[in-house]
Amino acid sequence: MYPLIATVYVQALIYALGLLALVRSLYNAVTHYKWTRSAQIALVDQINQLLPQTQCGQCTHKGCLPYARAIAQGEAINKCPPGGVETIRELASLLNETPLPLDPTHGQSKPISLAVIREDECIGCTKCIQACPVDAILGGAKFMHTVIARECTGCDLCVEPCPVDCIDMINPGALESDSWKLTNTHRLEQPWLDSGS
Ligand code: SF4
Ligand code: SF4
Ligand code: SF4
């Protein structure tokens, strides 16, 4: 009788210890997942802050944040023409990678520009509004449209859809107003911005 009870106790103890080990493994796995996830989110945020926020899609992603996510998962860091070599250099430094030349299949770096609508020629078709990734255009169907200069990232995406070709991309240094400011550090380092009005 007593040996039987002892055996049952021992088996129960073994099951309890096994269960405890399982719970502990699950806890460790969840903790590790949460830590990895928050580290990944922090890295994506750091990468995104280095991108120009032009939202032009030349990297083949739908904006800078999706490209930042892709870079965090190992995608090449040289696909952003608006950022150019400076962004590549900073990304390489952050990720401890070797800087690469800009991949020309994604376009060439060019000076920052600003969209301006020749308003008297606008037919109010709204195609530019639909194309703008940052809501920098004001207007309504059959009404004149205009660009909010301080919001425009110079991505060019509104130009091609305009059926009457009334959107110009201009050098913002030529503007009389100094209200056009981009928050991106790289852009503020552009020489013509330093000297421009
Ligand atoms: S190419 Fe550069 S600026 Fe354009 S969406 Fe991609 S990361 Fe942003
Ligand atoms: S107004 Fe044109 S150039 Fe400016 S952000 Fe919008 S789509 Fe890009
Ligand atoms: S796409 Fe051209 S014509 Fe159409 S609303 Fe925009 S600026 Fe006007």
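Suppose we keep only residues that are farther than 25 Å from Lys79 by Cα and not in a loop (DSSP other than H, G, I, E, B) within region 93-123. Which one would you say is nearest to ligand 3 (Cβ to nearest atom)?
The qualifying residue nearest to ligand 3 (Cβ to nearest atom) is Ile117.
This table checks each residue for (1) loosely packed, with under 10 Cβ neighbours inside 10 Å; (2) aliphatic (A, V, I, L, M); (3) touching a helix residue (DSSP H, G or I) at 6+ places or on another chain (Cβ under 9 Å).
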| residue | (1), (2), (3) |
| --- | --- |
| Ala16 | no, yes, no |
| Leu19 | no, yes, no |
| Pro101 | yes, no, yes |
| Arg118 | no, no, no |
Looking across region 124-166 at residues that are within 16 Å of ligand 1 (Cβ to nearest atom) and in a helix (DSSP H, G or I), the single one that is farthest from Gly63 (Cα to Cα) is Glu151
Lone unmet requirement of (1) within 16 Å of ligand 1 (Cβ to nearest atom); (2) under 20 Å from Leu51 (Cβ atoms) for Met169:
(2)
In region 19-52, how many residues are at pLDDT 95 or above and either among the polar types (S, T, N, Q) or assigned to a loop (DSSP other than H, G, I, E, B) (or both)?
5
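The values are calculated or read from the model by the stated rules, or taken from the named source; none is laboratory data. Note that the coordinates shown come from a computational prediction; the quantities given were computed from them, not determined experimentally. All Cβ positions, glycine included, derive from the backbone under ideal geometry; neighbour counts span all protein chains shown.
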